Amino acid sequence: MLKTLIKKEFLGFFGRMFASRRSKKNSKGSIVLFIILFLYLFIVLGVSFGTLCYTVLQALIENGNLWFYGAFTAVLASMFALLGSVFTSMTQLYDAKDNDLLLSLPIPPSYILLARMIPLGVFNVIYASLVLLPAIIVYATVMGLSYALLLQIVILLLVSVITLAISCLIGRLLAGLLAKVKRKTLITTIFSIVFLVAYMLLMFNINAVLDSILNNVISLTAVFEKYLPTLYWTGLGFGGNGIWFLVTFVLNAVISVGIFFIISKTYIKTINGSKGTAKKKYKNQIQKAKSPFVSLLYKEWKRFSGSATYFMNCAIGVFMVIIAAVVMLINTENIKTVFKESEILSSIMPVVFLGCLLFLLSTVCVSACSVSLEGKALWILKSLPIKAYDVLLAKITLHLLVSAPVSVVVYALLGIVYSFDFLSVLFGCILIVAFVFVMGSFGLKRNLKNPDLEWTNETQPVKQSINVLICMLLGAVFSTVFMTGGIFLSLIIPPYVAIILFALLFTLFAILYNRWFKKHGAQKLMDL
Amino acid sequence: MLKIQHLSKYYGLKKAVDDLSLEINAGEIYAFIGHNGAGKTTTIKCCAGILDFEGGEIFIDGISVKQDPLSCKKLIAYIPDNPDLYNFMTGSKYLDFIADAFQIPTSERQERIVKYAKIFSIFDNLGQPIGEYSHGMKQKLAVVSALIHEPKLIIMDEPFVGLDPSSAHTLKVIMRELCDKGSAIFFSTHVLEVAEKLCDKVAIIKEGKLIVSGTMEEIAGNEGLENAFLETVEGAKNA
């Protein structure tokens, strides 16, 4: 039975990701595209983590504290995996729509839990590998191949398992907590933002943190030995110390099984506890009439703001824009000094800033899953006397409202602080709006062509969607094209003219997309 | 009010509805019965403008569903068999959304929402998110949302599933009242007793084809609708 359940989970995931809407069979094109995108991400992230690991390893060889390498990479991998899985685990385990159905069948709840945890575990292995594989390769390259390699691979799996157990435990605590409060989305969002800000602060200051750690590694050894022995032992195990590896292995296994046992014992209670808060009697309120379009937009906003999964995964770029703006405003003088080193650098500053902003905005993909999120309630939109084009326009407008105003304000503010010329600021703002419209339209078009209306929990159309992945990567390509093209053009023509040219190009794309939605997109929606 | 002419609908190569014709006049309650998979829901969805169809025509109050679907949708209300609503909205916000779609003025919507929500005993729950509603409450909300724009034609797919006895009774009373005021109702059901007591006319569909249609007296005769249904469907099978 467990095998069948696990198969169901994986089939659901891969079917959703690769299935063609018409044939309902896996599309080869989607699979190939997914593999290419995945390899691209793996290589990009792997190279950056590998570089970091190499720097750390060299420093540790110099000061003779090699044990710290394993502990450091294990912590980094755990943090990375935890960031990726903590909220998924909550929705995957406790908010799945088919929980009631499965619990009504003669299947032990622990099997259901385990079947749902295994795909999460696979993702954790992927997340942990992004850090630990480069770390292992760097270690083997520098220190030479030894039997420690085998231990390191097992440590990679151990890190994935223990991170899975911790993320499931946090998910369990969050589900229990959220069952008792009214403003679930707000609390989840605050929790996510705190988590994200802490992570980004660490990443922004990674060099300073690393310097500080490496300079104090001797005193840290005593602290780790006394207070965090598991990490110390992991570090020793990573270096090939078989006894400490065994201790780490047993300890991780005991902790993971213990957490799984606790979660499985309270699984049914947690699921039932997450269904509603105290009921408050409704008091009649005046319902003011709105136009159908405004009402559609309001509906999109309610869905977006009412789901922490949707909100946090699809609008993370907006938070990054704000964080980046704060960092750039705090470090104004330092950044100005760098750009004033040469006249060329100084002149391309508006283009570079704009390129970075567009790159961050490419991670906003509100519209790319908005059709899928209609799910089985799509009949409502199809049966109401509203234009299908208005439905699509409301989805793009939400995408625009979520990302454009903040970015325009940020760019204008940076333009004032960094003394850009007026035309660069003006057309930069126009380019931002056009870029966001094009990205919103691209995501929506993809989702219209390949929607997933049969999902059982929201993470499936939001986090496990190839539409979202493609949308993000295309945005990254667009922003890179702008950045390189803009810098190149700025060497020949004034930077503001380069920005105008790109603004015109994106506006043209936006017009073409709008025409497609009017002519074909509306009909596509009605045909779903 | 509703005229279906030679309707044909395919799913791939499978013919789900085959040359079906029906006419429902204002003031009539029309039951649509048949086995599971006979084509009832497909026909109903075509009438509601949710599904496109390959052959034939559907007119609502003389307007073609194919040519002018928006005008048709303004005249009708559709209640599906499974009330999948917007779980992220509260009941009142959902009704507000539906009222906006039908452009019902503030004063009228207020009065109707209060009236129907109280009749179906969900007024006190309107402030709760729909995700916290039971199946029956969602069904009641779907019914209320269908009534607030006072449609000329109500198309319902198994409307009594999930409703408690008192709400089912209320719905039947309202259906009759609406028809007395000049609306028409076309609904599918498996509860033949309800169809027999409530409906003026009935149509029986089998494998996408209309087997028989007419007034309840003509179809049910003295033996009752259940016997008539079994005889008709079995007869069609043997033929």
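Values quoted throughout were computed directly from the atomic coordinates according to the rules given, and no laboratory measurement underlies them. All values reported here derive from a predicted model rather than from experimental measurement. Here the Cβ positions follow ideal geometry from the backbone for every residue, glycine too, while neighbour counts run over all protein chains shown.
Here are the numbers:
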| quantity | calculated |
| --- | --- |
| Alpha carbon centroid spacing (whole Å) that separates the range A:223-274 from the range B:139-195 | 58 |
| Percent RCO, i.e. relative contact order, over chain A, from Cα pairs under 8 Å lying at least 6 residues apart | 18 |
| Average other protein chain Cβ within 10 Å of Cβ, residues B:95-107 | 6 |
| Calculated FRET efficiency for the pair A:Leu202/A:Ile137, C-beta based, R₀ 25 Å, to 0.05 | 0.60 |
| Test item: A:366-375 mean partner chain Cβ contacts at 10 Å | 1 |
| On Cα atoms only, tilt of B:225-238 relative to the major axis of chain B in degrees | 50 |
| Part-to-part distance (alpha-carbon centres) for the range A:455-528 and the range A:407-423, which is given in Å | 23 |
| Scattering curve values for the protein assembly as shown, log₁₀ I(q)/I(0), Debye with Cα scatterers, q = 0.07, 0.10 Å⁻¹ | -0.63, -1.13 |
| Lysine pairs with alpha-carbon atoms under 23 Å apart, the range A:27-274, spacing 8 or more or separate chains | 9 |
| Using alpha-carbon coordinates, inclination of helix B:91-101 to the longest axis of chain B, degrees | 70 |
| Burial ordering of B:Ile174, A:Ile162, fewest other beta-carbon atoms within 10 Å first | B:Ile174, A:Ile162 |
| Gap separating the Cα centres of the range A:153-203 and the range A:349-399, nearest whole Å | 27 |
| Of the DSSP H helices in chain A, those whose Cα atoms cover at least 30 Å axially and whose Kyte score averages -0.5 or more | A:28-63, A:67-94, A:109-143, A:148-178, A:242-265, A:388-417, A:422-449, A:466-490, A:495-516 |
| Karplus-derived 3J(HN,Hα), 6.51/-1.76/1.60, for each residue of the range B:204-217, Hz, glycine and proline x | 10, 10, 9, 6, x, 10, 6, 8, 7, 8, x, 6, 4, 5 |
| Where labels lie 7 Å past Cα in the beta-carbon direction, separation of A:Cys356 and B:Asp19 in nm | 7.2 |
| The range A:292-527 - percent relative contact order, Cα under 8 Å, separation 6 or more | 31 |
| Inter-chain Cβ neighbour average for residues B:76-86, partner chain, 10 Å | 4 |
| Per-residue Cβ neighbour rank within 10 angstrom, fewest leading, A:Phe420, B:Phe123 | B:Phe123, A:Phe420 |
| Ranking of A:Met328, A:Met90 by count of other Cβ atoms within 10 Å, fewest first | A:Met328, A:Met90 |
